[in-house]
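Colleague: Below is a structure I'd like to ask you about.
The values are calculated or read from the model by the stated rules, or taken from the named source; none is laboratory data. Just so you know, these numbers come straight off a predicted model, no measurement behind them. Glycine also receives a Cβ, built like all others from the backbone with ideal geometry; neighbour counts cover every protein chain displayed.
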2 protein chains.
Amino acid sequence: MNSSAPSAEPGTATAVDGAADRRVRADAQRNIDALLTAAAEVFAECGVDAPVRDITKKAGVGTGTLYRHYPQRSDLVAAVYRHEVDACADAAARFAEEYEPVEALVRWLERLQGFFATKRGLASALHSGDPAYENLPAHFRGRFVPALSALLDAAAEAGQIRKDVRPDELLHAVAQISMAAPMLDEGYVDRMTRLLVDGLRYSG
Amino acid sequence: MNSSAPSAEPGTATAVDGAADRRVRADAQRNIDALLTAAAEVFAECGVDAPVRDITKKAGVGTGTLYRHYPQRSDLVAAVYRHEVDACADAAARFAEEYEPVEALVRWLERLQGFFATKRGLASALHSGDPAYENLPAHFRGRFVPALSALLDAAAEAGQIRKDVRPDELLHAVAQISMAAPMLDEGYVDRMTRLLVDGLRYSG
DNA sequence: TGCGTAAGCGGAACAGTGTTCCGTATAGTT
DNA sequence: AACTATACGGAACACTGTTCCGCTTACGCA
């Protein structure tokens, strides 16, 4: 659950995610957690444009409480996003332990694709210029590229896939494919992702 | 000024752009024109998320009038977009008459780039799933690909550029470059577009 | 244990959206 | 000139994000 990002540029946002910064009252931490999980659920169901009040209601919290911890709506969005990026990145290490290299890779790509599935509307937000989103892309790459890189290396080491695929490029491709969702056939994303993995297996 | 699109799928939107469909009162047509130009200006300055009231005020028209002609805000956005796509596409034929092949091509690509410059925020709207935007991409391609194709053919015919560049791909490239604007250096778009044209000239 | 207080809470109120409604004005016809 | 379908304007409505402030409570300290 805990973030593993090295430094969380101080002064940008307010809320405390994991470790204590300077003594946070227990009820406050409880509310922050409730908001984070409620927001994640609401965003997944209705997109990132869901009304703030839907979230506070689901979290059983007043709107004032939300704005105490996240001064802007976009700060909450960014926090949820970081939180889920971290969760997804951490899953890579877990899969690497539990499964053999290629299966770990496949499972993680599915997980990654699931991550994108709950992010409809965020791609637009990213381009909005809101400063709250400014360093989300960097966090995204900073967490995902090493995670994918490790999985690829392990599979390549075992001689199960090619060695000449750059993790950042594969990541970008999966992201592009997963984002293009609307007006496209249901299974499109799955098929394309699978195709990429098969491509990795091909030794030509 | 007039639209050249063949069929304007009936029943989708309401407002009359150019030719009369079934007798439009003179004052109504006047207001539609005022709205269209006012909206274009406001969108260019503030992006497509600009408040409706800014537009009606600039057009000297009540909000009710707007909604009479464009039942939804997005219908107005779509109408302005189509209008400007048409204007830009028509410019291609004009340039082809007035200038020699390559200069006509260059001038039109600049014009196209100017078109994208006034479209900040629309890329996001396109992905929003609003049915009003559903066939805008098709209209975009339907008008721009032939326009660019003609310019490329003429220049290639005159032996001034290569013949192996697909208009749809070049169009896509210019669009991608022109959309990537924020957080990038000022002259980036110009430099990249120019680079593409120089690439066309190169005969290897 | 009990107290004082800073930290935190809730939700009513505010400001700014898109959209609807309806009484009034008028273009085009007879 | 009179008549009426069409169109107009802008106040009012519903729904946003955000602020404000009186009340509550967790927690350090006697």
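Colleague: Which residue is nearest to DNA strand D (Cβ to nearest atom), if the candidates are limited to region A:42-57 and must be surrounded by 17 or more Cβ atoms within 10 Å (Cβ to Cβ) and farther than 14 Å from A:ALA79 by Cβ?
Modeller: Taking the candidates together, the pick is A:ALA50.
Colleague: Say whether the condition of being farther than 26 Å from A:LEU76 by Cβ, within 17 Å of the chain's Cα centre (by Cα) and not assigned by TED's automatic domain parsing to the domain that holds A:CYS46 is met by at least one residue in region A:124-133.
Modeller: no
Colleague: Here is a follow-up. Exactly one of these conditions fails for B:ASP17: (1) closer than 27 Å to B:LEU148 by Cβ; (2) part of a helix (DSSP H, G or I); (3) at pLDDT below 95. Give me its number.
Modeller: Every condition holds for B:ASP17 apart from (2).
Colleague: A further question follows. Filter region A:39-53 down to the residues that are of a type in the set (A, V, I, L, M) and within 16 Å of DNA strand C (Cβ to nearest atom), then identify the one that is farthest from the chain's Cα centre (by Cα).
Modeller: Applying the filter and picking the extreme gives A:VAL52.
Colleague: (1) acidic (Asp, Glu); (2) surrounded by fewer than 14 Cβ atoms within 10 Å (Cβ to Cβ); (3) within 14 Å of chain A (Cβ to nearest Cβ): which one isn't true of B:ASP164, the others all being true?
Modeller: (3)
Colleague: May I pose another question? Run A:ASP75 past the list (1) within 30 Å of A:ARG194 (Cα to Cα); (2) out of contact with any Leu (no Cβ under 9 Å at 6 or more places or on another chain); (3) charged (D, E, K, R); (4) in contact (Cβ under 8 Å) with a residue 24 or more places away in the chain and report the number of the one that doesn't hold.
Modeller: All conditions pass for A:ASP75, except number (1).
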